[in-house]
Amino acid sequence: MKNQWISSCKKNGELQKLYKETKNDVEAKCKVKCGDITNVSFNGKMTSNGRTKKFTDGTYEIAINPAIRTEKDLKNVLAHELLHTTPDGMTHTGKWAERAEVMNKHGYNIKRLNNYEKARESGYTIECDVCGVTIVRKRKCALVEHPERYEHRGCGGTFRLVSKFNK
């Protein structure tokens, strides 16, 4: 089933409006200029949420997966990709990570990986409260029922249930 919200986004230019709003937010809150972006569009062939491509002339192109379901998630992906166009922002470390943290303090939820598609298809999404790593489970299990009983080996954080998908 196609997402009606995405269809309306395509028809009335909502993606371009959200892109401009998000770009203004990134530039104002991070006090940095985004790169020269020549195109922002949906790409139904993508397996990730978004992609920023840098061309040899220094311009960028942003592609967004149309499987993203909400305006808030779309703005988070746009902000994530826009941060890649900022100076020293092509990797998920250093300046990019610092700027993502600034945006998160202003209501965004930018992570290195936000797997909206997996969360939508699976039954449950569990997240580490320290590093934000996401685990998805299709069936109810001990981790889903009592995530607080488990410790993340990578950072020592505890888990919490963040979403339940009812099929």
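The values are calculated or read from the model by the stated rules, or taken from the named source; none is laboratory data. Quick caveat: nothing in here was measured; it's all calculated off a predicted structure. All Cβ positions, even for glycine, are placed from backbone atoms using ideal geometry, and neighbour counts span all protein chains on display.
Scanning segment 43-65 for residues that are of a type in the set (Ser, Thr, Tyr) and loosely packed, with under 13 Cβ neighbours inside 10 Å, which turns out nearest to Leu15 (Cα to Cα)?
Taking segment 43-65 first, the residues of a type in the set (Ser, Thr, Tyr) are 47-48, 52, 56, 59-60.
Now drop any that are not loosely packed, with under 13 Cβ neighbours inside 10 Å, which leaves 47, 56.
Working: Thr47: 19, Thr56: 26 Å.
Here the residue is Thr47.
For beta carbons closer than 8 Å, sequence separation of 6+ or different chains, a first residue in segment 54-81 that is touching a residue at least 40 places away in the same chain (Cβ under 8 Å) and more than 14 Å from Gly107 (Cβ to Cβ) and a second that is charged (D, E, K, R) and crowded, with 21+ Cβ neighbours inside 10 Å, the qualifying pairs are Ile62/Glu81; Ile64/Glu81.
Per-residue answers, yes or no, for (1) assigned by TED's automatic domain parsing to the domain that holds Ala100; (2) closer than 17 Å to Ile110 by Cα; (3) more than 24 Å from the chain's Cα centre (by Cα):
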{"residue": "Ile126", "(1), (2), (3)": "no, yes, no"}
{"residue": "Cys131", "(1), (2), (3)": "no, yes, no"}
{"residue": "Thr134", "(1), (2), (3)": "no, yes, no"}
{"residue": "Lys138", "(1), (2), (3)": "no, no, no"}
{"residue": "Val144", "(1), (2), (3)": "no, no, no"}
{"residue": "Pro147", "(1), (2), (3)": "no, no, no"}
{"residue": "Glu151", "(1), (2), (3)": "no, no, yes"}
{"residue": "Phe159", "(1), (2), (3)": "no, no, no"}
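For segment 107-166, filtered to residues that are charged (D, E, K, R) and at pLDDT below 75, the residue that is farthest from Gly89 (Cα to Cα) is Lys164. Evaluation of Ala100 against the conditions (1) under 12 Å from the mean Cα position of the chain (by Cα); (2) outside any helix (DSSP H, G or I) shows that the sole unmet condition is (2). Whether a residue is under 25 Å from Cys131 (Cβ atoms), assigned to a loop (DSSP other than H, G, I, E, B) and of a type outside the set (Ser, Thr, Tyr) was assessed, and Ala67 passes this test.
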